1. Can you find a residue in region 88-97 that is farther than 22 Å from residue 176 by Cβ, touching a Pro at 6+ places or on another chain (Cβ under 9 Å) and touching a residue at least 60 places away in the same chain (Cβ under 8 Å)?
2. Out of 160, 150, which single residue is small (Gly, Ala, Ser) and within 17 Å of residue 38 (Cα to Cα)?
3. Can we say residue 73 is out of contact with any Pro (no Cβ under 6 Å at 6 or more places or on another chain), of a type in the set (Ser, Thr, Tyr) and surrounded by 11 or more Cβ atoms within 10 Å (Cβ to Cβ)?
4. Among the residues that make up region 117-135, is at least one of them in contact (Cβ under 8 Å) with a residue 12 or more places away in the chain, on the phi > 0 side of the Ramachandran plot and within 15 Å of the chain's Cα centre (by Cα)?
5. Taking region 37-63 as the region of interest, how many residues are among the aliphatic types (A, V, I, L, M) and more than 16 Å from residue 97 (Cα to Cα)?
6. Out of everything in region 92-147 that is charged (D, E, K, R) and closer than 14 Å to residue 192 by Cα, what residue ends up being surrounded by the fewest Cβ atoms within 10 Å (Cβ to Cβ)?
7. From 192, 126, 152, which residue is of a type in the set (S, T, N, Q), within 30 Å of residue 43 (Cβ to Cβ), modelled with pLDDT of 75 or more and in contact with a His (Cβ under 9 Å, 6 or more places away or on another chain)?
8. For the structure I just gave you, tell me whether residue 153 is closer than 21 Å to residue 97 by Cα, free of Cβ contacts under 8 Å to residues at least 60 places away in the same chain and either in contact with a strand residue (DSSP E or B) (Cβ under 7 Å, 6 or more places away or on another chain) or surrounded by fewer than 21 Cβ atoms within 10 Å (Cβ to Cβ) (or both).
Amino acid sequence: MRAINLLAPEHEHEFEAEYGLPEALPQGETKLWQGAPDPLALARQALMVDKLLIYFGALIVWSGVSTVYDGGSIGDAGMAVLRMLPLIGLALGLICVIGWLMARTTVYTITDRRIVLRVGVVLSITFNLPYSRIASASLRDCGHGRGDIALTLKGEDRIAYLHLWPHVRPWQLKHTQPMLRAVPDAAAVARTLAGALAKADAAAEDTDMAGDQPMRAVRSPDDKPAAQAIQASAA
């Protein structure tokens, strides 16, 4: 009898013609990069694990201090703290598992024509974002080589915030911005995307489709093109 690894099945999305994509790439389209969020970084950013650690730490301190203040001994305070630890550990563990599942079921794909986001733990949803509908992109460095790449859509194009979460720029509710979140080696991914956007603009201009639209580039928070900002930081 063949063994099945439930934690790492060979291909859990059997309906996919190609991994991370709803259908095989058409002839002439090239995949430039494909990856997924870093699980720990995604849990820390989207699920606010760091803030929860501070909150639970404050609860532990408050429990110990209040026990002593009410006349209990140091031992009583220690027992009060110990009674809280299993519940706190369970809560943090569940949150980390959710973050791991989110990262594991997410695939970001960059081609020379579009960005594809396959997201969803229970129900997978695929978002196709052609470069013709992307106005700009911005890179946010999260440290340790990881980063977020937020995409601003053109015109009135909108995707519901809840449909995208957590792969969306936080608190941009009215004008949602899809985001490649907690991407490892984000600087290299940003350079790849910047090059693809530049080539797409050049191709559009050659076919008189771009009109007078300005050239797009992946930008860092200080409003420099990502490639330029990365070179400056490396110098």
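The values are calculated or read from the model by the stated rules, or taken from the named source; none is laboratory data. Since this is a predicted model, take the numbers as computed values, not measurements. Reconstructed Cβ throughout: ideal geometry from the backbone, glycine too, with neighbour counts over all protein chains shown.
1. Checking region 88-97: not a single residue is farther than 22 Å from residue 176 by Cβ, touching a Pro at 6+ places or on another chain (Cβ under 9 Å) and touching a residue at least 60 places away in the same chain (Cβ under 8 Å).
2. Going through 160, 150 in turn, the sole match is 150.
3. No; evaluated as a whole, the condition is false for this residue.
4. Checked region 117-135: at least one residue is in contact (Cβ under 8 Å) with a residue 12 or more places away in the chain, on the phi > 0 side of the Ramachandran plot and within 15 Å of the chain's Cα centre (by Cα).
5. Looking only at that region, the number is 5.
6. Going through the qualifying residues, I end up with 112.
7. Result: 152 is the single residue among 192, 126, 152 that is of a type in the set (S, T, N, Q), within 30 Å of residue 43 (Cβ to Cβ), modelled with pLDDT of 75 or more and in contact with a His (Cβ under 9 Å, 6 or more places away or on another chain).
8. no
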